[in-house]
Structures are given as structure tokens and as C-alpha cells.
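In what follows, a single structure is set out as C-alpha cells and then discussed.
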Amino acid sequence: MIQITLPDGSKREYPGPVTVADVAASIGPGLAKAALAGKVDGKVVDTSYTIDKDSPLSIITAKDPDGLEVIRHSTAHLLAYAVKELFPEAQVTIGPVIENGFYYDFAYKRPFTPEDLVAIEKRMSELAAKDEPVTRRVLPRDEAVAHFNGIGEHYKAEIIASIPANEDVSLYREGKFEDLCRGPHVPSTGKLKFFKLMKVAGAYWRGDHRNEMLQRIYGTAWATKDELQQYLTMLEEAEKRDHRKLGRELDLFHIDEHAPGVVFWHPKGWTIWQGVEQYMRQVYRDNGYLEVKGPQLLDKTLWEKTGHWDKYRENMFTTESEKRDYALKPMNCPGHILIYKQGVKSYRDLPLRYGEFGQCHRNEPTGGLHGIMRVRGFTQDDGHIFCTEDHILGECTAYTTLLQKVYKDFGFDHIIYKIATRPDKRIGSEESWDKAEHALMASLRASGCEFEVAPGEGAFYGPKIEYTLKDAIGRQWQCGTMQVDFSMPERLDAEYVGEDGARHRPVMLHRAIVGSLERFIGILIEQHAGALPAWLAPVQAVVLNITDSQGDYARRVAKTLQNQGLRVELDLRNEKITYKIREHSMQKLPYILVVGDKEMAAGAASVRARGNQDLGAMTLEAFSQRIAQDIANKL
């Protein structure tokens, strides 16, 4: 007898080996119809998978996250099937699941056009409607290589040839199309109903720029029609909020071909930068951080000691001078340890908190660059806390509370918390890992935060908390982090003198709240659709005159507000007032002040707030109080 344990703890017995589909059918026809896959002993498998021993089993449907993963993976294969139907000479390569969808890379003699995408998507729908079964078979590696070479799929054969010779490989067939895949897949193509192809892009074979360029077709797939439509609507809204588009329209920054991956900040954009940096600098001061500044270039030997030279060298910009090798720092941590090591530290000095707006450089691939969100040169609000193991809980609890306030001030109320725990390959004692993981979890509980645990996703040197923001249109941005590090103080010989008079290693806590300032400003621009709150807006108000006779009064109004520390512009152009109002409204300014003869006589201004709100005539004192309140409340 085979005993199956279901998620609710109930057990079912079967006289012999049984498939996932059989179990689903024995529970009920509704579940049998909805089943996409199963999870046996924690592993996701096809519904055709045979269970031959007592096992726990979960039936996976479209309502489960694993079910959505299976749908997207299967839709990538449906895409390849449709391409082969319409373009038989195209060769298939790889097609993984990605966030919110999938892609598949193809080698074809000409570029795919938008019209091709329409035809491919239509053919995918036709193939799905045929509800063809998806079946699996296993072949020895060499037999699989011969099979794919025999049908002209040389890229696929090359992939299989890289697998060890003694291993078997699995193939999945639907209709006339067969593909290499580990699976699992939906039981039939009819399960795939809600998808859309998005775009075509170039991609190097196996991600190597020395190889040939392939064509990558991106798509999205969802469990329901509503979810698909919500996603497409979100993309439309995201396009309107694209920081690259708004950066041009609002004259904030640009990226130049003479410095790919590095930002040229224009005056208005740099004003935003300064607003973020000065705010964070005050956060440092108010929370016991000592601001430091490390050098950009550091000798190769330091990066060898930290392990970066072996593991991260391809992502580092290097140079040579007087027969010494140097690297532009990709991170600030080693520099902070060198600062810490100057002079003897006592247990009385701990915890010691360093903060730096540290400029870093990483050699990101050109294809991965994205406006100011992903760049090669960036500045981090980087902080490191040197402490004892007993300090970890208190420091992490205080940090989470601080981070929540900072995010709220920037307009983010929804934070997702995740703790990444010890990986298989790690350093440090089990006792230290236990204490660090417990402290991180306890710190989030103390802050009233629900969190998920990501087993095995911690760094080799310690566990970490990841803080992810959810923006105004539901997208998630992982920004903040708190990492516990037992390794780097050991590698770079950092010590403190304990209460017992002996030398001890400090624990190093790596923390960042906004992370890359460039990326965070890009997120802010998209969060607010360019309409930044008054305290961050590069121009907080503009003063417009109706005719030349109010010119001197408009100048006095602007000067009065500027003397109060406000960022105010003056527009005295000989244009119609409606034109000037419309033009400045397009710049998403918090306030527009219009002065005519009536306002001049009353010593006032007619005030318009963003969103075409007419606030009527206000004295300068009343307006100053209003905008001061906005700034104080981070509105």
C-alpha cells in the first residue's frame, strides 16, 4: 500500500504506485480538472509523475504560486512551438521563466517584426485551443544530442552536449513540437489561456558578447484573464511613469554615449539628489552614525583578502600604475574596516556606526543598463555597524524602525520583509548562525513586522534581512538590507579588546536604506509620476505675471519666498497667462502663483496647487505657512 499525506494532514491509501493525476481524481473531479502539477516531498512534478512510496503531496493549481510558475514555463514552450510552426527554419535555444512572464531565444535569418509577434500569438492561441497533451520522455545524453542534431536544432544539441555523458535528459512533447526541459509542465496545452507577447530584443547566445546575436521574444502569462488585464494596465501606467521619459521631459538628467552607465545630472535633477542626500545625512546624525569617506581606488591585495578579486573581478574596473594593480571600489565595506582598524578599539566603543555616501563602480553588461535604475557608477547610503553578537538584536530592531520612518517620509507605506538564512556553503560556527538568525527574526517581530523566510538564500558569511518596497502601481523594489557578517572582520583582521582584556572579532552589520541613490531617485520619480512632494521638488513654486505692469511686484514676491529658503522660479515672459500656467503645470510643480493688478494691490497672489486646484488669492504669509507645512509633513 502507498500512503499519501495531504496538506490538511489527512491520509489516503492506494494499492500500488499512483500518479499525481490519479490522486487528484480520487479527491474529486473539480480538483482533477484544475490540477496543473504536484509537489511531492517538496519537489514540483508533473501530474503524470508516479509516486511509489509513502509521501506528502500537494496538488498544485493555478491559484498557487508554483502553479503560475508552471503556467509560465509551459507558455514559453508554447511560444517555441508556435514559432516553429510559422518559421520552420528558426532554431530554438533557451526559454526560462522570469518575473511576471517568460522569454525564449531564437536564431533566425531575419529580425522578427511586430506583425510576426501578432501572428505568433495568434498561433499560440490556436495550439492551446487544440488542448494537446504534454508528455515526457527520458533519453541518454548522447542519444538526445543525436536527436536534436538530426532535426537541425544545433543550439539545443550544444546545450545537451555540455551535460555530463553519464546523465539522462528529459524531453517534453506537445503535438509536433518536442523540446529539452527538466519540467514540470501543465498536462495539456488547453491549460494555457491568458498570455500576451510583449516585445523582441537582442540577446547573445549563452550571454557571451563574443557569440552570435539571437532574438529574444518576451511574453507574460497569468492564471486568469483579470490578472492578465491588471498586469497590462499596470504596464501602461508604468510607461507613463518611466523615469527615463520623465527625466527628459522634466530636464533632470541624461545618459550619454561618452559615459555609458553613468549619470549626467542636470540642475533640477541634482537638486533632487541633494534633497535625498541631505535628508539621509540628517538620518545619520540623528541615529549615532559617524560619516566617513573612503578612497575610490584600492590596491588589488585588499580585494584578494576580501575574496572579491577571485569572485567578483569581472565586475570590477581595474587599472595599473607603477606596476601595482588597483580596482575602483564596487562596494564600501573594506574601506570601512580599514578606518575601523586605525587605533585600538575597546568593547566600550561598540557598537560603532559608520556611514558613507560612497561612490561605487561595477562593470555591468551593456544589455543590463537601464536609465538611472541600473548603472555602472552609483552612490550608496552605505553604513556599517561594528558590534558584538549581543548587540545584533538591538541594532537590527532600531534599524528597522528607522528604515520604516525613512520610507514613509519618501511616500512608501507598504514594505515586504524577508529573511535569508544560512546556505549550505558557509563560514562561522552554527552557534553564531543560530544567534544571528534568531536576532534578525526577533528584531522584525519586535518591530511588529510579518516576514517570510528564504531558506538557504543568505550570504556565505551571514544571514540578512531584505526590505522591499511596493510602489503606487504595485511593483516591488528591493532597496534596504541588513546583513550580518562574520567573515570580513576575520579576513581583514579587525579586533576589539573585550571586557576580559582579550582580543575579539567584532561582528560587522552591513546596512543600506535607500541603497543606490541613483536607483532610488528613479524609483521616486516613478512612484510620484514625476510630481515629487514639495520637500523634494526641484522647483517648489513659480511666480507668473499677467502683464508687464506686475513685473516688479512678481520679482519681489519671488525674492521674498527665495529668502525663506524656498526653491522658486520667476516667469516674466510676454506670453498669455493661460499658456504659462499650462507650461508650468506640465512640469508638475507643487504651486503656481499668478499675480495681476488685483493681487498686486492686495499684496497677495492667486495660488494654484498641483492637479489644477485653484486655491484662490492668498497673502504671502498664508502661502508661506501652507508650503512650510507641506515641507514639514513631507507632502
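Observations on the structure shown:
- Any chance residue 297 is in contact (Cβ under 8 Å) with a residue 24 or more places away in the chain and either aromatic (Phe, Trp, Tyr) or surrounded by 14 or more Cβ atoms within 10 Å (Cβ to Cβ) (or both): no
- Some residue of the stretch 588-595 being of a type outside the set (Ser, Thr, Tyr), part of a strand (DSSP E or B), surrounded by fewer than 19 Cβ atoms within 10 Å (Cβ to Cβ) and touching a residue at least 12 places away in the same chain (Cβ under 8 Å): no
- Pairs, first of a type in the set (Val, Ile, Thr) in the stretch 170-186, second crowded, with 17+ Cβ neighbours inside 10 Å and part of a loop (DSSP other than H, G, I, E, B), C-beta under 9 Å, six or more apart: 186/36; 186/46; 186/47; 186/192
- Residue in the stretch 66-82 that is assigned to a strand (DSSP E or B) and within 25 Å of residue 121 (Cα to Cα) present: no
- Screening 573, 626, 555, 608 for residues that are of a type outside the set (A, V, I, L, M) and crowded, with 18+ Cβ neighbours inside 10 Å leaves exactly one candidate, 608.
- Residue 100 fulfils the conditions (1) touching a residue at least 40 places away in the same chain (Cβ under 8 Å); (2) over 26 Å from the mean Cα position of the chain (by Cα) except for a single criterion, (2).
Condition check ((1) under 26 Å from the mean Cα position of the chain (by Cα); (2) closer than 24 Å to residue 634 by Cα) across all residues:
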site: 247; (1), (2): yes, yes
site: 253; (1), (2): yes, yes
site: 302; (1), (2): no, no
site: 307; (1), (2): yes, no
site: 329; (1), (2): yes, no
site: 347; (1), (2): no, no
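- If you filter the stretch 329-369 down to residues that are of a type in the set (A, V, I, L, M, F, W, C) and more than 22 Å from residue 301 (Cβ to Cβ), you find that the one that is modelled with the lowest pLDDT is 369.
- Of all residues in the stretch 195-217, none that is of a type in the set (Gly, Ala, Ser) has its Cβ atom under 6 Å from the Cβ atom of a residue that is surrounded by fewer than 17 Cβ atoms within 10 Å (Cβ to Cβ) and at pLDDT 95 or above, 6 or more apart or on another chain.
- Residues of the stretch 531-575 that turn out to be of a type in the set (S, T, N, Q), in contact with a strand residue (DSSP E or B) (Cβ under 7 Å, 6 or more places away or on another chain) and either part of a loop (DSSP other than H, G, I, E, B) or farther than 14 Å from residue 607 by Cα (or both), as a count: 3
- Residue 439 passes every criterion in (1) at pLDDT below 95; (2) of a type in the set (A, V, I, L, M); (3) surrounded by fewer than 21 Cβ atoms within 10 Å (Cβ to Cβ) apart from (3).
- Of the residues making up the stretch 458-499, those that are more than 20 Å from residue 441 (Cβ to Cβ), of a type in the set (Ser, Thr, Tyr) and assigned to a strand (DSSP E or B) number 1.
- Residue within the stretch 211-229 that is touching a helix residue (DSSP H, G or I) at 6+ places or on another chain (Cβ under 7 Å), over 15 Å from residue 102 (Cβ atoms), modelled with pLDDT of 90 or more and part of a helix (DSSP H, G or I) present: no
- For the stretch 576-587, filtering for residues that are part of a loop (DSSP other than H, G, I, E, B) and exposed (fewer than 12 other Cβ atoms within 10 Å of the Cβ) leaves 1.
- The residue of the stretch 40-65 that is surrounded by the most Cβ atoms within 10 Å (Cβ to Cβ), among those that are more than 29 Å from the chain's Cα centre (by Cα) and part of a loop (DSSP other than H, G, I, E, B), is 47.
Listed here are the residues, each with its yes/no results for (1) exposed (fewer than 15 other Cβ atoms within 10 Å of the Cβ); (2) hydrophobic (A, V, I, L, M, F, W, C); (3) in contact with a Leu (Cβ under 6 Å, 6 or more places away or on another chain); (4) free of Cβ contacts under 8 Å to residues at least 24 places away in the same chain.
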{"position": "342", "(1), (2), (3), (4)": "yes, no, no, yes"}
{"position": "356", "(1), (2), (3), (4)": "no, no, no, no"}
{"position": "359", "(1), (2), (3), (4)": "no, no, no, no"}
{"position": "362", "(1), (2), (3), (4)": "no, no, no, no"}
{"position": "372", "(1), (2), (3), (4)": "no, yes, no, no"}
{"position": "389", "(1), (2), (3), (4)": "no, no, no, no"}
{"position": "417", "(1), (2), (3), (4)": "no, no, yes, no"}
{"position": "421", "(1), (2), (3), (4)": "no, no, no, no"}
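- Pairs meeting the criteria (first residue in the stretch 509-526 and farther than 15 Å from residue 333 by Cα and touching a residue at least 40 places away in the same chain (Cβ under 8 Å), second residue part of a helix (DSSP H, G or I) and of a type in the set (Lys, Arg), beta carbons under 9 Å, at least 6 apart or on different chains) are 522/244; 525/241; 526/241.
- Residue match in the stretch 275-293 (condition: in contact with a Lys or Arg (Cβ under 9 Å, 6 or more places away or on another chain), among the basic types (Lys, Arg) and either surrounded by 17 or more Cβ atoms within 10 Å (Cβ to Cβ) or assigned to a helix (DSSP H, G or I) (or both)): no
- Checking each residue in the stretch 388-427 for being among the basic types (Lys, Arg) and part of a strand (DSSP E or B) picks out only 418.
- Considering the stretch 52-80, and only residues there that are small (Gly, Ala, Ser) and modelled with pLDDT of 95 or more, the residue that is farthest from residue 34 (Cα to Cα) turns out to be 80.
- The condition (being over 21 Å from residue 454 (Cβ atoms), modelled with pLDDT of 95 or more and part of a loop (DSSP other than H, G, I, E, B)) is satisfied by just one residue among 372, 385: 372.
The values are calculated or read from the model by the stated rules, or taken from the named source; none is laboratory data. Keep in mind that this is a model prediction, so the values were computed, not measured. Note that we place each Cβ from the backbone using ideal geometry, even for glycine, and neighbour counts take in every protein chain shown.
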